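Working notes for the structure below.
The values are calculated or read from the model by the stated rules, or taken from the named source; none is laboratory data. All of these numbers come straight from a predicted model, not from anything done at the bench. When we count neighbours, we look across all protein chains shown, and the Cβ atoms used for this are built from the backbone with ideal geometry, even at glycine.
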Amino acid sequence: MKEENTEKKPRLTTRVEILFGRVFLIILSVSIALFVCERISRKFFIARTAIEIKFPAEHYRYPRPYSMFAGEPGSKYINALGYTGEIPAMPKPKGEYRIFFLGGSTVVSGDPSLPKLVQNILKQKGFLNIKIYNFGIPSSVSGQELARLVFELPDLAPDMIVVYNGGNDIMHPLSWDPRPGYPFNFIVYENHPLITKKLNNYPAAALFAYGSNLMRYFFQDYFMKKFIPLDEARKECNYMSPGWKDKIAEIYVNNIIKAGKISKAFGIEFIAFFQPLLHAKDPEKFSEEEQKLFRSEDNDRFYREVLELTVGKIKLAANKNNTEFVDLSGIYKNNSAWIFTDPIHTRQDAKNLPAQKIADKIVAKINKSADN
């Protein structure tokens, strides 16, 4: 019996070794294949997850105190202050009348941009001493612009501040962070793993997987849900409720009124313009291209309801507080041409109309101040 057991042990050991050897070869082969696929994917295509697409962090997401983010100083198209265009000289040249534009991507984009178009119109009108500086930042909301007005602009000797905004204040809570008034991307910063309160909440496995280009490509929904609690945030703020919509309008109104009062305290002229919106246009006048942007009746109803709420509130508040406010949201209402490329951005040739209206208002404001 003992001799038989002795003979069987080597055979069993051999089988186990063969099994482990095969498993090892399979694991090694799969690992090599995944490594090769990962390297190839990184070379030939970059997988941007839903997070990176929904919350892009390009050159205009450089951290900035108080206003949260601005452009990365010195990077492509961005000056040393973190904005586009020329930097205001200090001390201010004698005789120069300075106007600073605040707003989001509709202020930054275009060739020429909206502020540049206004500058050209003013020159044609004979106002050669007026110099316009572009302090717009893509995705900026009115609260961030208020912070820039308080912490940055007074040191640059402005004579007038022009705010051209409103679209992001309405659009962001609908599609991104649902909390009214919050800066774009804030929910991402807020859920950074380094500031996770509980160790059990630290997404170690998800973060490890996030380092793979392949994982980002094939499991976008997983990362979105793991890192960004949008559903919870929407539930907490009563997403789509009447009170939530009213708060979006109220925050914008309060920020504009504060900006006007602070400008006045510094002796700076102030004008706020509510920018044109696709959903302020008559749907029957939508071009074929604009009809493709019309995603749903619910979205359209949301934009129109919140726009009406906001403009109604701001007009009352502006009159009460002697704040200059101009509603440009519906200037393309009956225009059947192709104007909008998304809910807030227009084609380049369509920028001339708001530029003309802004220039006319600036001239009227300057003339009125001179008469006083």
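Inspect segment 343-357 for any residue being in contact (Cβ under 8 Å) with a residue 40 or more places away in the chain and within 20 Å of LYS261 (Cβ to Cβ) and give the result as yes or no.
Within segment 343-357 (the criterion being in contact (Cβ under 8 Å) with a residue 40 or more places away in the chain and within 20 Å of LYS261 (Cβ to Cβ)), the answer is no, since none of the residues qualifies.
Of PRO180, PRO154, which residue is at pLDDT 80 or above and under 21 Å from ILE314 (Cβ atoms)?
Values: PRO154 fails: under 21 Å from ILE314 (Cβ atoms).
Going through PRO180, PRO154 in turn, just one is at pLDDT 80 or above and under 21 Å from ILE314 (Cβ atoms): PRO180.
Would you check which residues across segment 129-147 are not small (Gly, Ala, Ser) and not in a loop (DSSP other than H, G, I, E, B) and list them? I'd like the intermediate steps shown before the answer.
Looking only at segment 129-147, we keep the residues that are not small (Gly, Ala, Ser), and these are 129-135, 137-138, 141, 144-146.
Matches in segment 129-147: ILE130, LYS131, ILE132, TYR133, ASN134, GLN144, GLU145, LEU146.
Within segment 148-176, take every residue that is surrounded by 24 or more Cβ atoms within 10 Å (Cβ to Cβ) and part of a loop (DSSP other than H, G, I, E, B) and give me the one that is nearest to the chain's Cα centre (by Cα).
Applying the filter and picking the extreme gives GLY166.
For every residue, the table says whether it meets (1) assigned by TED's automatic domain parsing to the domain that holds ASN352; (2) without any contact (Cβ under 8 Å) to a residue 40 or more places away in the chain; (3) over 21 Å from the mean Cα position of the chain (by Cα); (4) farther than 30 Å from GLU190 by Cβ.
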site	(1), (2), (3), (4)
TYR239	yes, no, no, no
TRP244	yes, no, no, no
VAL253	yes, no, no, no
ALA265	yes, yes, yes, yes
ILE271	yes, no, yes, yes
LEU277	yes, no, no, no
VAL306	yes, no, no, no
ALA318	yes, no, yes, yes
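If I filter segment 186-213 down to residues being in a loop (DSSP other than H, G, I, E, B) and of a type in the set (Ser, Thr, Tyr), which single residue comes out as modelled with the lowest pLDDT?
Checking each candidate, the answer is THR196.
Yes/no matrix, rows are residues, columns are (1) under 25 Å from ALA249 (Cα atoms); (2) out of contact with any helix residue (DSSP H, G or I) (no Cβ under 9 Å at 6 or more places or on another chain); (3) polar (S, T, N, Q); (4) part of a helix (DSSP H, G or I):
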position	(1), (2), (3), (4)
LYS313	yes, no, no, yes
LEU316	yes, no, no, yes
GLY330	yes, no, no, no
ASN335	no, no, yes, no
TRP338	no, no, no, no
ASN352	no, no, yes, yes
ASP360	no, no, no, yes
VAL363	no, no, no, yes
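Considering only residues that are loosely packed, with under 14 Cβ neighbours inside 10 Å and within 15 Å of ARG39 (Cα to Cα), which ones fall in segment 203-217?
Quick first cut of segment 203-217, residues loosely packed, with under 14 Cβ neighbours inside 10 Å only: 204-205, 207-208, 211.
Across segment 203-217, the qualifying residue is only GLY211.
Quick one: which residue in LYS292, LYS281 is buried (at least 16 other Cβ atoms within 10 Å of the Cβ) and under 23 Å from the mean Cα position of the chain (by Cα)?
LYS281
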